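Everything on this sheet refers to the single structure shown next.
The values are calculated or read from the model by the stated rules, or taken from the named source; none is laboratory data. Model, not experiment: these values are computed from the prediction. All Cβ positions, even for glycine, are placed from backbone atoms using ideal geometry, and neighbour counts span all protein chains on display.
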Amino acid sequence: MNAVGQIKPNARPFYQRYSADQLKEALRRMYLIRRFEEGAEEAYMRGLIHGTMHLSIGQEGSAVGSTMALRTSDYITSTHRGHGHCIGKGADPKLMFAEFFGKEEGYCRGRGGSMHIADVATGNLGANGIVGGGLPIAVGAALAIKKQKRDDVAMCFFGDGASNEGAFHEALNMAAIWKLPVVFVCENNKYGMSVSTDRSMAVANIADRAAAYGMPGVIADGNSIADVEEAIAEAIARARRGDGPSLVECKTYRTRGHSRSDRNRYRTKEEIEEWKARDPIPHFESELMAHGIATEAEVNAIRESAEAEIAAGIEFARLGTDPDPSEVTRDVYSPEAA
Amino acid sequence: MRELTYAQAIQEALAQAMDADPAVFLMGEDIGVYGGAFQVTGDLVHRYGEDRVMDAPISELGQAGVAVGAALAGCKPVLEFQFSDFATLAMEQIVNQAAKLRFMLGGKVNVPLVMRFPAGSGTGAAAQHSQSLDAWLAHVPGLKVVQPSTPADVKGMLLAAIDDPDPVMVFEHKLLYKMKGEVPEEPYRIPIGKAHVARPGRDVTVVATSIMVHKSLEAAETLAAEGIDVEVIDLRTLRPIDTATIIESVKKTSRLACVYEGVKTLGIGAEISARIAESEAFDYLDAPILRLGGAESPIPYNPELEKAAVPQVPGITEGLRNLVRGRM
C-alpha cells in the first residue's frame, strides 16, 4: 500500500493506510499552518496587519489529523483559532493572507479577517468568532446531508471552553437523537482564554460528556497526528455508515497566548516548555523517517517549499486590492433579493 | 373568493412551499402531532411526514443554529418559535450567525431561512409570552423582518420569505390567527419591502404594524363620521422599510402618526419619525409627529392592565383626533 514499501509491519494503522505522498502532504500542511501563523505574527509585529489573531501553534497535529480523511464535499465548522482547520481542509494560504491583509482577493474579500477566514468552496462553513457558534451550524449541515441522502459528514471543531456553552449541549443532543453524520472534534488546549479546564469543568475529560448524549467519546493525543487521525477515522466511518455522531477530544496545547493581548499570567513557563517539547511537527517528522517514509532531505525540502509558499503568499497579499469604502454594505443582502 | 383564517393561510403557504420545493422543511416545538401551540401546522405532519415537519427538542438556540447550517448546505428551513419571546434564547444564532454569515464570508454563501414568531399581547400569557420584539431584530443588518396583518398578506409574504435567499423573520400577532379574510387559492408572492395603503385618506397618515393596522382602521371609521379622513399605511416590512410610500403619504396629509404594539421608546415609530424628519416631507408637516406604542413596562397579566399596556382603539381615535384638530 505504501509507495516507499519500507513500512515496518508493526507501524500503526495510520502509517499503513496512507501512501507516502499523502503522509508527506500531511507534513507539508502542518508546516504551512505553522509558517502561516508565524508569518501572520511577524506581519502584525511589523504593522502590516491590524486587529487581533488567535494562533494555534502547537495544535497542527490535531488540525491536519482531523481533516486529512475528509472529502471536499464534507463540511467543517471552525473556530476563532481556525487557520489550521482552513488549511487542513484545503484552502490556499495566499488567499488566506490576502484576507488577513483585508484585501478584495481574500477569501472573505477583506470583510472577515482572521476570525472568519474560510474557503467555502472546500466545504468550510466558516471560522466563527462566537465560542460554540459553529456547533449547531454543523448539526444543521449534517441534517441537510441526511435529507439529501449523501454520505458526507460535517466535522465540527470547537475548544474546551465551548464545551461549557449551552450550544454544546443542544447541538450534541440534537445530533444524537437524529443520528446525524457529525464528527465533533474538541481541541482541548487546557485553557478557555485564561481559565483552565480544572477550574471550569467538574469532569476530567470533555470526552466524558459524550455519555450524556449516547455517543462515543474518544480521547486522542492531539500532538500526535497519527493518534488523532485514527480516532477521527473511526468517527468518520461511523458517521458515513449512518450510525450517528461521535465526540473526539484531542488533548493539545497552544504554545502562544490566547490572542495578542495575552501576557501568560495564568500558566507557568515550565508548563509551556514541557508542551513545546511535545511539538507535533518534529514528532511527525521523526516518525516518518523512522518508518522509512521520508528521508531527512525530503523533510527539509518539504519544509523549505512550505516556507517559500508562505513568503510568496505574504507578498501576494501585500500587493492586493483594498476594498472600496463606498462598498461597505455590499453582501449584507443577496443582489438577487430586494 | 373563499375565506381562510390567518393561521390557515400560513398553513396553506407552508404546504404549497413544500409541494413546490423538496428543500423546504419545517422545524419547531410541538409542530408535529400536536399541530403547533397555535395550530398553525395542524395536520401537516400527516401529509408531509416527520422528516419535513420536524418536532425539535426545546432548544431554541440549537434549532436556530440547525436552521442556519441546513440553509448553508442547501435546504430551506422554516423554523417556528413557539412564542416570539423565545427569540431571546436564540439571539446568538439569529444575530451573529444568520444575519452575518453572508457578509463575513465575502458574499460567498446564502442563508435562505425563515423564522416565524407568534408575537404580541392580548392572550393573558403575561410578561414572558406576550412581547413584540420585532424592532430588536429589525435593528440587525442582514435580516429581513416582516409583519403581515391579513390572511392574504401572510400567505403571500411567507411564500416570498421562503423564496428569499436571505434570512427572513416573520412576526405573526397571535390575536390575528383566527382572523378571517379572502385568500387566493393558488400560490402567489407579496414582495418584501413594500408597504400597503390599507385605507386612503387626506387628513393624517397613520403608519401601523400588524394588529395595529386593524385597530387604526377601526379608529379611522369613527373619525370618518366626524369628517376626519385618515390614511392608514400597513407597513408590512420593518426591514427594509418602504420609506417612499410613507413620504408620499405625509406630503399629501401633512400629519404623521405611528401606531405599533412594541415598546414605544426606540421602537419602529422612532425610526419612521426620523425618516420623515430627514426627508422632504418634513416641510409639509403641519403638526408634531405622534407615536402611539407599547407602555414602558412588561406586559401585565391582569386583563385591564394588559389592555392598558398597548394602544387600543379609543386611545388611537383620541390621539388622531387631537392631532388633526391641533390639540396635541
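Confirm whether B:ARG199 is in contact (Cβ under 8 Å) with a residue 24 or more places away in the chain, buried (at least 19 other Cβ atoms within 10 Å of the Cβ) and not hydrophobic (A, V, I, L, M, F, W, C).
no
Does B:ALA119 satisfy the condition of being touching a strand residue (DSSP E or B) at 6+ places or on another chain (Cβ under 7 Å) and closer than 30 Å to B:GLN312 by Cα?
Yes; evaluated as a whole, the condition is true for this residue.
Here are A:ALA26, A:ALA43: which of them is modelled with pLDDT under 95, crowded, with 17+ Cβ neighbours inside 10 Å and closer than 30 Å to A:ARG260 by Cβ?
A:ALA43
In this structure, is A:TYR191 surrounded by 18 or more Cβ atoms within 10 Å (Cβ to Cβ), away from chain B (no Cβ under 14 Å) and among the aromatic types (Phe, Trp, Tyr)?
Against the criterion (surrounded by 18 or more Cβ atoms within 10 Å (Cβ to Cβ), away from chain B (no Cβ under 14 Å) and among the aromatic types (Phe, Trp, Tyr)), A:TYR191 qualifies.
In the range A:214-229, which residue that is touching a strand residue (DSSP E or B) at 6+ places or on another chain (Cβ under 6 Å) and in a loop (DSSP other than H, G, I, E, B) is surrounded by the most Cβ atoms within 10 Å (Cβ to Cβ)?
A:GLY222
Take the range A:283-298 and flag every residue that is in a helix (DSSP H, G or I) and crowded, with 20+ Cβ neighbours inside 10 Å.
So in the range A:283-298, the residues in a helix (DSSP H, G or I) come out as A:283-290, A:296-298.
Selection gives A:PHE284, A:GLU285, A:GLU287, A:LEU288.
Within the range A:148-194, which residues are in contact with a Cys (Cβ under 6 Å, 6 or more places away or on another chain) and of a type in the set (Asp, Glu)?
Selection gives A:GLU187 alone.
Applying the selection to the range B:241-256, what residues are outside any helix (DSSP H, G or I) and of a type in the set (Lys, Arg)?
B:ARG255
Looking only at residues in the range B:284-306 that are among the acidic types (Asp, Glu) and surrounded by fewer than 16 Cβ atoms within 10 Å (Cβ to Cβ), which one is farthest from the chain's Cα centre (by Cα)? So that I can check it myself, show each step before the final result.
From the range B:284-306, those among the acidic types (Asp, Glu) are B:286, B:296, B:304, B:306; that's our starting set.
Imposing the further condition that a residue be surrounded by fewer than 16 Cβ atoms within 10 Å (Cβ to Cβ) reduces the set to B:286, B:296, B:304.
On the way: B:ASP286: 30, B:GLU296: 20, B:GLU304: 25 Å.
Applying the filter and picking the extreme gives B:ASP286.
How do the pairs read when you match residues in the range A:254-281 that are modelled with pLDDT of 95 or more with residues anywhere that are outside any loop (DSSP other than H, G, I, E, B), using Cβ under 6 Å and keeping only pairs 6 or more apart or on different chains?
Every condition considered, the pairs that remain are A:PRO280/A:GLU60; A:PRO280/A:GLY61; A:ILE281/A:MET30.
Within the range A:311-330, restricting attention to residues that are under 19 Å from B:PRO141 (Cα atoms) and within 14 Å of chain B (Cβ to nearest Cβ), which residue is surrounded by the most Cβ atoms within 10 Å (Cβ to Cβ)?
Among residues in the range A:311-330 that are under 19 Å from B:PRO141 (Cα atoms) and within 14 Å of chain B (Cβ to nearest Cβ), the one surrounded by the most Cβ atoms within 10 Å (Cβ to Cβ) is A:ARG330.
For the range B:233-247, how many residues meet the condition of being touching a Gly at 6+ places or on another chain (Cβ under 7 Å) and either under 12 Å from B:THR209 (Cα atoms) or away from chain A (no Cβ under 14 Å) (or both)?
1
Do we have any residue at all in the range B:76-89 that's in the same structural domain as B:GLU172 (by TED's automatic domain parsing), surrounded by fewer than 24 Cβ atoms within 10 Å (Cβ to Cβ), closer than 24 Å to B:GLN128 by Cα and among the β-branched types (Val, Ile, Thr)?
Taking every residue of the range B:76-89 in turn, at least one turns out to be in the same structural domain as B:GLU172 (by TED's automatic domain parsing), surrounded by fewer than 24 Cβ atoms within 10 Å (Cβ to Cβ), closer than 24 Å to B:GLN128 by Cα and among the β-branched types (Val, Ile, Thr).
Within the set of pairs 6+ apart or on separate chains, which have a first residue in the range B:310-328 that is at pLDDT 95 or above, a second that is part of a loop (DSSP other than H, G, I, E, B), and C-beta atoms under 6 Å apart?
Sorted first by the residue in the range B:310-328, then by its partner, the pairs are B:VAL310/B:SER121; B:ASN322/B:MET328; B:LEU323/B:ARG255; B:LEU323/B:ALA287; B:VAL324/B:ASP203; B:VAL324/B:ILE228.
Of all residues in the range A:91-106, count the ones that are farther than 14 Å from A:THR321 by Cβ and either of a type in the set (A, V, I, L, M) or touching a Leu at 6+ places or on another chain (Cβ under 8 Å) (or both).
3
Select the helices (runs of 4 or more DSSP H) contained entirely in the range B:263-327, then report the ones holding at least 2 residues which are of a type in the set (Val, Ile, Thr) and assigned by TED's automatic domain parsing to the domain that holds B:HIS129.
The helices (runs of 4 or more DSSP H) meeting that bar number zero.
In this structure, is A:ALA211 more than 30 Å from A:ILE272 (Cα to Cα) and either part of a loop (DSSP other than H, G, I, E, B) or not hydroxyl-bearing (Ser, Thr, Tyr) (or both)?
Yes: the conditions hold for A:ALA211.
Please state which one of B:ALA270, B:ALA257, B:ALA281, B:ALA277 is surrounded by 16 or more Cβ atoms within 10 Å (Cβ to Cβ), of a type outside the set (Lys, Arg), at negative phi and over 21 Å from the mean Cα position of the chain (by Cα).
Sole residue among the options that is surrounded by 16 or more Cβ atoms within 10 Å (Cβ to Cβ), of a type outside the set (Lys, Arg), at negative phi and over 21 Å from the mean Cα position of the chain (by Cα): B:ALA281.
How many of the residues in the range A:230-254 are farther than 27 Å from A:ARG278 by Cα, among the hydrophobic types (A, V, I, L, M, F, W, C) and buried (at least 22 other Cβ atoms within 10 Å of the Cβ)?
1
Any idea which of A:VAL332, A:VAL248 is among the hydrophobic types (A, V, I, L, M, F, W, C), within 19 Å of the chain's Cα centre (by Cα) and within 30 Å of A:ALA141 (Cα to Cα)?
Just a single option satisfies the conditions, and that option is A:VAL248.
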